[in-house]
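Notes to accompany the following structure.
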Amino acid sequence: MFRSLRRALCAAAAALLLMLAGVGAQTVHADPADRAAAPGAGYWHTSGRQMLDAAGQPVRIAGINWFGFETANYTPHGLWARDYKSMIDQMKSLGYNTIRLPYSDDLFKSGTVPNSIDFSGGKNADLQGLGSLQIMDRIVAYAGQGGLKVVLDRHRPDAAGQSALWYTSAVPESTWIANLKALATRYRGNSTVIGIDLHNEPHDPACWGCGDTTRDWRLAAQRAGNAVLSVNPELLIFVEGVQTFNGVSGWWGGNLMGVAQYPVQLDVPNRVVYSAHDYATSVAQQSWFSDPTFPANMPGIWDKYWGYIFKQNIAPVWVGEFGTTLQSTIDQKWLAALVSYLRPTSTYGADSVSWTFWSWNPNSGDTGGILKDDWTTVDTVKDGYLASVKAPGFPGGGGDPGDPGDPGGGTAACTAAYSVSSDWGGGFNAEVKVTNSGTVALKSWKVTWTWPGAQKVTSMWNASYTQSGATVTASNADHNGALAVGGSASFGFGGAPGGGGAPAVSCTAT
């Protein structure tokens, strides 16, 4: 809700930076043999509440939103600060397996020119002189090479702002559908792009099932979805909810109550994924936040609006956006409750609700991002909330990162770099970056260090650990053990007391 405010804040921040410089479903458990099979290859389809890859293996989207194409920059934000490849590498290292890329229909206009990209020092060199869609091509190609999937999100009809309906006077339905088909055709045969989110956050006066073709989002989604599948029948069609159904209102795009009575029916079977959005008080207040039973009331709220679709095995559910600044206690409890509701990967594997967090960008005015304002430092607290629902990555176009290695023999090796991100005396946060420095792909790694003082690990994310005396051994999580040659992964932790500095670290790889 109130997305126009968020996007205005995003655009203002960009300008400032430039100036400054279930039933019937099979339960799938995380099993080492399943991981070894590298699920996710090829195009995906649905079966009941699960998404399946080309080989029929269950898969889970555990990803991140990277916005900017939908703004007047006409390119993902942050390229004024960093190279796009380093950005994607960092997403992968943190365990995100999918990128949701918002865009506007302005990208298809001949006069659209991407801006706010830093080419100094060799950054973004291969983007120089390209149009917005060509930049999208490069991002999709590099993401796929690294084993990330991409969902394209028609976020706005133009860069000026959000629209309640899928069309405006300036961008009619015919243009919306033509551009959706153009993207589907552009990436036909490229299974990095697994699907398209047809329109972001339909809201009042949009309806679901009312039958008025000028307002009925469900009917519009069927028209657009069938148009997309007519040129690329392999894609998933992601359909968001509306704001109000039968007088019951919720978040923009977050109300999927109408699916029970009026499901989206497409000409190609097993292609619909329903998408909900859910937010906390940093975006807007809702009645359930002031309920005296909060946060115990939240699973019932989610069940009502969209969770029943998953629980009743109707179709897969993907929470395409959720986020918060985490500044209030209510928001912290909300995020912890939602992550639990999405079902931990270690317990349920891919038989879980999929998600893409909002957002990677720090310049989302009402949520902030996984990155801090320098566009490099990770908000390890926020990222840490998501650790239990992250999931293994997918085979990359540049080779399967889980491949056992060069049959002719090679060297498995890694290096680790330890850095303290904050220290307040009584405690500290630190990050360790692990890099494959050998000549073969790695299946796993562990890092060891010994503190000179009395420091103890208090919590760790994106790795597991043991501590004996002053010596700590951290081992990769399920989602970040496999590293291609030159690839990297990071994990973070909190410790106490502070003031210990950075010890020497050693890395062992297999």
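Just check segment 293-437 against the gyration tensor rule for me: Cα atoms, a ≥ b ≥ c as the square roots of the eigenvalues, rounded for a/c under 1.5, and otherwise prolate or oblate depending on whether a/b exceeds b/c.
oblate
Among rounded, prolate and oblate, which fits segment 414-509 when a ≥ b ≥ c are the square roots of the eigenvalues of its C-alpha gyration tensor, a/c under 1.5 means rounded, and a/b larger than b/c means prolate?
prolate
What length, rounded to one decimal in nm, is gained on full extension from THR415 through to THR510, with 0.36 nm per residue of separation minus their alpha-carbon distance?
Extra length from THR415 to THR510 when fully extended: 32.9 nm.
Have a look at the DSSP beta bridges in segment 3-389 and tell me what percent are antiparallel, nearest 5.
Percentage antiparallel, nearest 5: 25.
For segment 265-328 and segment 445-487, what is the separation of their Cα centres, given in Å?
One Cα centre to the other: 34 Å.
Please work out the C-alpha center-to-center distance from segment 99-125 to segment 217-250 and express it in whole Å.
So the separation of the two Cα centres works out to 27 Å.
Which ordering of CYS507, CYS414 is given by a fewest-first count of other beta-carbon atoms within 10 Å?
CYS507, CYS414
Given all pairs of different Cα atoms, what value in angstroms does the Kirkwood hydrodynamic radius of segment 3-389 take?
Answer for segment 3-389: a Kirkwood hydrodynamic radius of 20.8 Å.
Rounded to the nearest 0.05, what FRET efficiency do GLN128 and ASN226 have when you use their Cβ-Cβ distance and R0 = 35 Å?
Efficiency at R0 = 35 Å is approximately 0.35.
Which net charge results for the neighbourhood of SER490, defined as the other residues with beta-carbon distances under 13 angstrom from its beta-carbon, given Lys and Arg at +1 and Asp and Glu at -1?
-1
Which ³J(HN,Hα) values in Hz, rounded to whole numbers, follow from the phi angles of segment 374-382 under the Karplus curve 6.51 cos²θ - 1.76 cosθ + 1.60, where θ = phi - 60° and Gly and Pro get x?
Taking θ as phi minus 60°, the curve returns 7, 6, 10, 6, 8, 6, 5, 5, 5 Hz for segment 374-382.
Hey, what number do you get for the chain at 222 nm if only DSSP H runs of n ≥ 4 count, each worth -39500 (n - 2.57), divided across all residues, to the nearest 500?
-6000 deg cm²/dmol
Given a Förster distance of 25 Å, report the FRET efficiency between ASN313 and ASP267 from their Cβ-Cβ distance, rounded to the nearest 0.05.
0.65
By DSSP, what percent of the beta bridges with both residues in segment 159-296 are antiparallel, rounded to the nearest 5?
Restricted to segment 159-296, the bridges split so that about 25 percent are antiparallel.
Every read-out reported here was derived from the displayed coordinates using simple, explicitly stated rules and does not represent laboratory data. Note that this is a predicted model, so its numbers are computed, not measured. Backbone-built Cβ (ideal geometry, glycine too); neighbour counts: all protein chains shown.
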